[in-house]
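See structure below.
Nothing in this text is a laboratory measurement; each read-out follows from the coordinates by a stated rule. Note that the structure is a prediction, hence the values are computed from the model and not measured. Please note: Cβ atoms are built from the backbone with ideal geometry, for glycine as well, and neighbour counts cover all protein chains shown.
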Protein chains: 2
Amino acid sequence: MTTDQPAAPIAAGPLVVGLNAVIFAVENGEPKVLVTEGADGQTALPFGPFDPAAHRTFEIGLREWVRTQTGFELGYVEQLYTFGDKGREAPLAALTGSAGARVISVGYLGLAPEARALPGAGRWEPWSRFFPWEDHREGRPDMISVIIEPRLRSWADEAAAPGRRAARVERARTTFGLDGAPWNEERALDRYELLYEAGLVAEAWRDQTLQPDGSQLGASMASDHRRILATAISRLRGKIKYRPVAFELMPTEFTLSQLQKVVEGLAGFALHKQNFRRALDRAGFVEGTGRLEPKTGGRPAELHRFRRESAPRGAALGLAIPRLKDH
Amino acid sequence: MTTDQPAAPIAAGPLVVGLNAVIFAVENGEPKVLVTEGADGQTALPFGPFDPAAHRTFEIGLREWVRTQTGFELGYVEQLYTFGDKGREAPLAALTGSAGARVISVGYLGLAPEARALPGAGRWEPWSRFFPWEDHREGRPDMISVIIEPRLRSWADEAAAPGRRAARVERARTTFGLDGAPWNEERALDRYELLYEAGLVAEAWRDQTLQPDGSQLGASMASDHRRILATAISRLRGKIKYRPVAFELMPTEFTLSQLQKVVEGLAGFALHKQNFRRALDRAGFVEGTGRLEPKTGGRPAELHRFRRESAPRGAALGLAIPRLKDH
DNA sequence: CCTAGAAATGCTCAATTCGAGCAAAACTGG
DNA sequence: CCAGTTTTGCTCGAATTGAGCATTTCTAGG
């Protein structure tokens, strides 16, 4: 066992370290992600190489290539996860001839206060295109009981041992809230991984160069980018509960309903308006500006702003979002 | 903007990817971390190179070198964070002549059910040696008001602009729970970073080759390992609240008091026994075995075991730990 | 000018959960 | 058999949560 200095030179082989950015913005209550067109026509997350000579930290490197390539100035940024599985680069490598290089990607989450039109390549896509089963704002999507549930059930039946079959059923039940189990919005990554294992997303078949046996769920992405996106959604949904990150997605002034719409878009389900507001002002996150927004369609709403530094004494650090029970 | 395949070959320069393991175990309610002696005598976290040719995933690589080097079979493992700042390797590079190589470390958290004696190099150290200010089980440590608070205050006074001074005071107040602010055990990393910036930990001076102006807090570690350790503590303290990871640190059978002692050790403060048990059995995490543990010193306690798969319907996913108010 | 509709805002109330304490039970060691 | 120690059971007020109804304040359309 050694410390940071490698005792022997490492037989690294071709090793590439890159940065993947998952950049979110919300437009009219609809969460969107910044995507690009990959070389082979697949939708992809923005990717930039990490140049250790030029960049002192990952974050500095990330901000720089996002700025140069999209003209976008990142605000809030946080590291997500580092993806290094062998084979994750294979689907692309086969097409481009860069086979053999091991690609390690450090994933980052970035939040933008508005989905600005982009000068460079790249466009904003609603994230529900990639995860249609995650949007419960108008009730649980039909696809869960119509498609996902039966197909997960037959996937469970494929298991040989009865013990493994029961484990699969239980896993499907808890991750998708089947059969009375509660829906946990934070488990978006678990759900994607389960669908992948069960062969219900296109990537599962592409990675094995097999043919799917039925329609595939949601729009697919290059490489493991949809997994990275799921990681980002899970992280963000968890984080809004204990850090006031939702405000990074808001303009400087906003109505309480706009804020609620954003939070509902992120969480993926509707909230009780009065309770949301009560929790908000117990936490003391926002203050009224006195000015009104008249274009509400009804009674004008007061414009509020985020109180960046000054939370009251023992206040909560995030927004109160209830657990969603059977619905 | 491109996808995963690098458009141009990357001028990577000397780039080394390694794996850092933060392995925890709890002994008699005392959380301990597995450390080694670094080349220059500094305490270090176990480190292993990542060989892309040999290992399909980071996790497989990690498990393998931990097994070969310490004889330890890892159970629960989770990725923490990837550390890649320039200069983090400098203190070691200067000593070993490997200067110039950029070292990127993927940090992992591992949990072990017992602090087994180690055949290889490495020993278990209580984590409170490195973070003495984090242990509030017997009340808030004196060092906070005697040393930390006054020194943070004078650090705040060093700021030029009055606005920046106020921001520093506020930051100290919320991270350390000064002046009536609540103590948030999850913010261990924030606290370490604040002490680093304020020059109260030895690493801050070592990295600048300056001399400290007073006694330094806690035992220091090589490179940025103490920061990695703080990251692990913060992550674990957060995670026990929404995933039943505490059980990864328990033997198969345990008394409820033993479980509580472990959770208290991790959280860093004492819990109300009856409330802890009430929450436990609402969550349905454990079941009695009927057998008794007589060596309690008092009334024998029933031995319990973790119910791995079968949580009741709408149950919580982690242990209820209250927010610690002013103390 | 009046009215229906829409949205914001204010208030209430029961159910649940939380925080904290007291008391009894069951055992060990002298 | 008694003092000490720990487990276990119970209670109770305070705080929080979930959900609904009522009122206010505006716009739009006749």
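Values computed for the structure shown
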| read-out | value |
| --- | --- |
| Simple label model, 7 Å out from Cα along Cβ direction - A:E149 to A:E114, nm | 4.3 |
| Selection from A:P150, B:S215, A:L200, by position along the positive dipole direction of the protein assembly as shown (Cβ) | A:P150 |
| Total charge dipole magnitude, region B:156-250, about the Cα centre, Cβ charges on Lys, Arg, Asp, Glu only, Debye to nearest 20 | 400 |
| Segment B:S215-B:R305, length gained on full extension (0.36 nm per residue, minus Cα span) | 27.9 nm |
| For the A-to-B rotation axis, chain A residue with nearest beta carbon and its distance in angstrom | A:T82, 2 |
| Across the identical copies, how the B:P251 labels are spaced - nm, sorted shortest first, 7 Å along Cα→Cβ | 6.3 |
| At 7 Å out from Cα toward Cβ: A:D207 inter-copy label distances (nm, ascending) | 3.6 |
| Given A:K32/B:K86; A:K239/B:K86; A:K32/A:K273; A:K239/B:K273; A:K32/B:K241; A:K273/B:K241, the pairs whose alpha carbons are separated by over 25 Å | A:K32/B:K86; A:K239/B:K86; A:K239/B:K273; A:K32/B:K241; A:K273/B:K241 |
| Neighbour net charge for B:R187 - beta-carbon separation under 13 angstrom, K R +1, D E -1 | +2 |
| Cα centroid separation - region A:41-85 against region B:228-294, whole Å | 39 |
| Neighbour-count order for A:S234, A:S215, B:S220, fewest beta carbons within 10 angstrom listed first | A:S215, B:S220, A:S234 |
| Residue with peak Gaussian network fluctuation, chain A [Cα springs, cutoff 10 Å], from A:A54, A:A166, A:A267 | A:A54 |
| Sequence-distant residues sharing a close amide H with A:Y81 (under 5 Å, placed H) | A:G107 |
| Eligible lysines near B:K295 by straight Cα distance, threshold 18 Å, same-chain separation 8 or greater | B:K261 |
| Region B:108-133 and region B:188-226: distance between their alpha carbon centers, rounded to Å | 21 |
| Teacher prompt: A:E158 distances to equivalent labels in other copies, 7 Å Cα→Cβ, nm | 6.1 |
| The protein assembly as shown, helix-only ellipticity at 222 nm - DSSP H runs n ≥ 4, -39,500 (n - 2.57), divided by all residues, nearest 500 | -9000 deg cm²/dmol |
| Separation in nanometres of the label points that stand 7 Å from Cα toward Cβ, at B:Y242 and A:E287 | 3.0 |
| Average other protein chain Cβ within 10 Å of Cβ, residues B:77-84 | 5 |
| Proximal charge balance of B:W65 [Cβ under 13 Å; K/R count +1, D/E count -1] | -2 |
| Antiparallel DSSP beta bridges within the protein assembly as shown, percent to nearest 5 | 70 |
| Computed label-point distance, nm, for sites A:R67 and B:N28 using a 7 Å Cα→Cβ extension | 5.5 |
| Counted charge near A:V17, where neighbours are those whose Cβ lies closer than 11 Å (Asp, Glu -1; Lys, Arg +1) | +1 |
| Computed FRET value (nearest 0.05) for A:E197 with A:A320, which takes r as the C-beta separation and R₀ as 35 Å | 0.55 |
| Ranked A:E134, B:E248, B:E302, criterion: other C-beta atoms within 10 Å, fewest first | B:E302, B:E248, A:E134 |
| Long-range HN-HN contacts of A:F130 with modeled amide H, under 5 Å | A:A219 |
| Proxy reagent accessibility, fewest Cβ within 10 Å first, across A:K86, B:K241 | A:K86, B:K241 |
